[in-house]
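First the structure, in the form of structure tokens, and then the observations on it.
The values are calculated or read from the model by the stated rules, or taken from the named source; none is laboratory data. Since this is a predicted model, take the numbers as computed values, not measurements. All Cβ positions, glycine included, derive from the backbone under ideal geometry; neighbour counts span all protein chains shown. In case anyone asks, the SASA skips ligands and DNA or RNA and just uses the protein heavy atoms, side chains included. Shrake-Rupley method; radii C 1.70, N 1.55, O 1.52, S 1.80 Å.
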Amino acid sequence: MRIIHGKGVSGGVAIGEARLLKKEHICVEDRAVDDPDAEWSRYEEALARTVTELEQLSAWSMGELGQGGAQLFEVHAMMARDEDFNEAVRSVILTRRKNAEYAVNEAAGQIASVFASMEDAYMRERATDMRDIAERILRHLVGGSERATVSADEHGGGMGDILCAYDLTPSETVQLDRSRVRAFVTGGGATNSHTAILSRTMGLPAVVRVGEALEHIRDGMLLAVDADEGLIYLEPDEATLDRLRGRMEDGARARAALGQYRDRESRTADGRLIEVCANIGRVEDVREARAVGAEGIGLFRSEFLYMGRNDLPDEEEQFAAYRQVLTEMAGRRVVVRTLDIGADKQAAGLSLPPEDNPALGLRAIRISLSRPDLFLTQARALLRASCYGRLAVMFPLVVSEREVVELRALWEQAADELRERGIPFAKEVEIGIMIETPAAALISDRLASMVDFFSIGTNDLTQYTLALDRQNAALDRFCDTHHEAILRLIRFAVDSAHRAGIWVGVCGELAADPTMTEALLRMGVDELSVAPSAVLSVRERVCRTHLGERAPVQMMKGSVLE
Ligand code: PEP
Ligand code: MG
């Protein structure tokens, strides 16, 4: 038995067979290009992203596993920058006027075959490395159409899969066959990356950042994952299996005990009523939300309808999805967030250009406002679905009043279009915004009069307040989610909302942090929206909390906000 270490980002224990995730083969076209210089720039951009990615993977592994762990990625970064390789790519693009994908494939193929024919076993292995690097560059060139699958014939017996991959994109995560997957193990990954959030939404144990140790896992190998401790046991012995099975039973008992909160109100011990709602990423997740008695859907990340495919969902498809969620929630509020593509969430159907700083780039409502056709399609689908339940809509990544004015105007335009076509929609659809940028929090007193509610997205609010890329696992140790700057922004947004007479929720991961429940309630938050798997434990926490009379909000590290 071997034990490897990582970081648990979604708790629990699972036992199953390892499934190494295979990336779908990227089809490389052989195409003549009119502008080889532009093609070379495209390549340079993809190369720069590849090198940054490899350097990050190397840093993660270094932090977790020391020099040995980081080596593989360091070597890959070096090989990607190698002059001979880049010269070969350059000559195919500039001299033979071919597309960058073809050039990368050709140059890497030639170098890999030279390695493969060498006598030295170590050098022969570099052929696989070269192919890996080429695939990474190709993925950056094709921009987000990456897709991973575990095909049906790869499925083993009745045990369930522990999915193992170097990295798993959010679009890959949402496409996984949930009936099979028992847990995730990845080489890289940050705590608040969308992939980690999705594993929590799916209620699956997940351990990230095992780095190079992933190499020890073979397909079909028996694995036991203890995500509470961040440990993976390879071919566990009987004693370990018994112990972990015991933990699984304890977990099942604890979950059963929480069952008593399923049909309870979310009311504090001294009588304050709030709502504990569920965050969902896929239409199917609504079943989980209902099963735990969520008081509503506080965040439906609608962008997942656009991801993991090459086309875009049309009005009919979106209408059907929103209608299903609203119908199943049977009159409970469903907050749908409009398209929040960008940064780590890419949609191939949008063909967005690569950016140097995607987290600060064309994402979320910036796409909606640049491509009103997209927003209007989504708005019409939402309005049509509004007849089937209690719909609320919110806009992500707002930084200014002007954006809200423009988005509301587009929303009205969609309503007018439906009116002209005689298509019915509900009179009352609440319109809210996410408070997930410091700018929005700081002008929340102005924004509050323009909308019906706020939902505080602490994941991005943390990223932008602390200037800390949420995707970068090497930064986890700098990521203080309880930083007083963030708490002050939340407090100000809550006060702004209440002064304007609107409700305010928290839908970022902080809402599920048990050490923060009391502080958020004391600030006056009206709704907490968390992964379905966390609804009952958060409700239990709320019910046990006694707020008392106007007590100050105790912040972390002993400080107090008045
Ligand atoms: C957030 O930023 O806190 C949030 C809820 O949105 P997402 O995690 O999808 O960016
Ligand atoms: Mg966000």
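Take the conditions surrounded by 13 or more Cβ atoms within 10 Å (Cβ to Cβ) and more than 15 Å from Val185 (Cβ to Cβ) and apply them to Val13. Does it pass? Let's see the steps before the verdict.
Details: surrounded by 13 or more Cβ atoms within 10 Å (Cβ to Cβ): yes; more than 15 Å from Val185 (Cβ to Cβ): no.
When the stated conditions are applied, Val13 does not pass them.
Considering only the stretch 371-392, I want to know if a residue exists there that is within 19 Å of the chain's Cα centre (by Cα) and more than 24 Å from Glu275 (Cβ to Cβ). So far as the stretch 371-392 goes, no, none of its residues is within 19 Å of the chain's Cα centre (by Cα) and more than 24 Å from Glu275 (Cβ to Cβ). Restricted to helices (runs of 4 or more DSSP H) entirely inside the stretch 393-512, those with at least 3 residues that are within 16 Å of ligand 2 (Cβ to nearest atom) and open to solvent by less than 40 Å² (accessible area, probe 1.4 Å) are 438-442, 458-465, 484-499.
Within the stretch 361-392, how many residues turn out to be part of a helix (DSSP H, G or I), more than 16 Å from ligand 2 (Cβ to nearest atom) and in contact (Cβ under 8 Å) with a residue 24 or more places away in the chain? Looking only at that region, the number is 17.
Taking each residue of the stretch 321-341 that is under 26 Å from Val398 (Cα atoms) and assigned by TED's automatic domain parsing to the domain that holds Gly293 and looking for partners that are modelled with pLDDT under 95 and within 13 Å of ligand 1 (Cβ to nearest atom) with beta-carbon atoms closer than 6 Å, six or more apart or interchain, yields Leu339/Glu303; Asp340/Glu303; Ile341/Glu303. For the stretch 108-124, the criterion of being within 34 Å of the chain's Cα centre (by Cα), at pLDDT 80 or above and part of a helix (DSSP H, G or I) is met by at least one residue.
Results for (1) crowded, with 21+ Cβ neighbours inside 10 Å; (2) in the same structural domain as Ser533 (by TED's automatic domain parsing); (3) more than 16 Å from ligand 1 (Cβ to nearest atom), shown as yes or no for each residue.
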residue	(1), (2), (3)
Leu222	no, no, yes
Ala227	yes, no, yes
Gly230	no, no, yes
Arg247	no, no, yes
Val276	yes, yes, no
Leu299	yes, yes, no
Glu303	yes, yes, no
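Taking the stretch 298-320 as the range and being touching a residue at least 60 places away in the same chain (Cβ under 8 Å) and not in a helix (DSSP H, G or I) as the test, the residues that pass are Gly298, Leu299, Met307, Gly308, Asn310, Leu312, Asp314.
Only one of the numbered conditions (1) without any contact (Cβ under 8 Å) to a residue 24 or more places away in the chain; (2) open to solvent by less than 10 Å² (accessible area, probe 1.4 Å) is not met by Ala239, and that is (2).
The number of residues in the stretch 96-111 being hydrophobic (A, V, I, L, M, F, W, C) and either under 15 Å from Met79 (Cβ atoms) or open to solvent by 50 Å² or more (accessible area, probe 1.4 Å) (or both) comes to 4. Listed by first and then second residue, the pairs with beta-carbon distance under 7 Å, at least 6 apart or on different chains, first residue in the stretch 283-296 and under 12 Å from Val334 (Cβ atoms), second at pLDDT 95 or above and among the hydroxyl-bearing types (Ser, Thr, Tyr), are Glu295/Ser266.
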